[in-house]
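**Student:** Submitted below is the structure of interest, expressed as structure tokens.
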Amino acid sequence: MPTQDRTPYIKAQAEIRKAGGINLWFSRFASSTAQFVGQPMVFFVAVVMLVLWAVSGPYFHYSDTWQLIINTSTTIVTFLVVFLIQNTQNRDAKALHLKLDELIRSHHPANDDLIDIQKLSDEELDALEERYQKIREACEKRRGGKSIEAAVEQDSPKRKTPVA
């Protein structure tokens with residue numbers, strides 16, 4: 001990509017680094033935490049902790065305190081991790097939408113009206129869905145009522161399966 005095309009990205013990155021602050025720190029923390037929590041070993045450690053807690057039940061006579069420990073700890077961990085994962089998913093979704101917007105923008109036959117479509121209301125999205133449904137139905141009529149899958153399957157050469 002030529003340098004002039006990268007200028008907006010470089011400027012945005014410099015502004016974010018210069019501003020620093022809590023948003024940058026939280027984004028990095030949330031991303032790192034989501035990556036860490038999603039590892040199989042972390043899941044294994046959580047299962048081991050649950051097994052140890054369950055095995056310790058007879059020792060503590062299955063007391064209310066024994067139950068409260070697991071309830072409180074899982075609630076706190078779940079509460080915090082939900083926010084971290086949601087932040088990471090929001091950023092990933094935004095990045096994906098921006099990438100798609102750039103692909104739409106750079107592809108000249110594409111409809112530029114679809115850029116930032118995720119910001120439309122549900123009613124507007126429903127209307128667009130109906131519009132594309134009608135386009136799809138018109139395409140099927142031109143193909144003689146066949147779906148895209150059927151048309152592709154009919155056009156592709158049949159593979160001969162070897163007899164065993």
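**Student:** Ser56 versus Val82, label points 7 Å from Cα toward the beta carbon: distance in nm?
**Tutor:** In this crude spin-label approximation the distance works out to 2.5 nm.
**Student:** So how much slack lies between Trp66 and Ser121, counting 0.36 nm per residue of separation and subtracting their Cα-Cα distance, in nm?
**Tutor:** Here the answer is 15.0 nm.
**Student:** Further, regarding this structure: Using alpha-carbon positions, what is the distance between the centroids of segment 93-112 and segment 49-89, in Å?
**Tutor:** Each part's Cα centre sits 43 Å from the other's.
**Student:** Hey, rough spin-label estimate for Ala14 and Lys134, points 7 angstrom out along Cα→Cβ, what's it come to in nanometres?
**Tutor:** Spacing of the two 7 Å Cα→Cβ label points: 4.9 nm.
**Student:** If I model a spin label at Asp5 and Gln39 as a point 7 Å from the Cα along the Cα→Cβ vector, what separation in nanometres do I get?
**Tutor:** Computed distance between label sites Asp5 and Gln39 equals 3.7 nm.
**Student:** Once the Cβ-Cβ distance between Leu114 and Trp25 is put in as r, and R0 is 30 Å, what FRET efficiency do you end up with, to the nearest 0.05?
**Tutor:** Result of the calculation: an efficiency of 0.30.
Read the figures in this text as sums done on the coordinates, not as results from a lab. Values in this document were obtained by computation on a predicted structure and should not be read as measured data. Reconstructed Cβ throughout: ideal geometry from the backbone, glycine too, with neighbour counts over all protein chains shown.
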